[in-house]
Amino acid sequence: MEEPGIIGAIKLENADSTIFMPLEGIKPRDVTEGLKVEVQWREETKGELADIRCFKPA
């Protein structure tokens, strides 16, 4: 059975707001508050938030 997609509430360092983005490379049961993640960029970027493809555990 395929794992469900995960949307994480991501708080970037030095930011006041939270963004909701896909998380990959982790099972739902392993997601915890405060989990360190790193951004995965799209191949072609335009200088906008949509350039972020997802986040993965750091």
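The values are calculated or read from the model by the stated rules, or taken from the named source; none is laboratory data. Since this is a predicted model, take the numbers as computed values, not measurements. When we count neighbours, we look across all protein chains shown, and the Cβ atoms used for this are built from the backbone with ideal geometry, even at glycine.
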Practice task
Report yes if some residue within region 8-23 is touching a residue at least 40 places away in the same chain (Cβ under 8 Å) and not acidic (Asp, Glu); otherwise report no.
Solution key: yes
Handout entry: Criterion (in contact with a Phe, Trp or Tyr (Cβ under 6 Å, 6 or more places away or on another chain) and either modelled with pLDDT of 95 or more or among the hydrophobic types (A, V, I, L, M, F, W, C) (or both)) met by exactly one of ILE52, ILE7, ILE19
Key = ILE7
Handout entry: Qualifying residue in region 34-41 (condition: at negative phi, of a type in the set (Lys, Arg) and modelled with pLDDT of 95 or more)
Key = yes
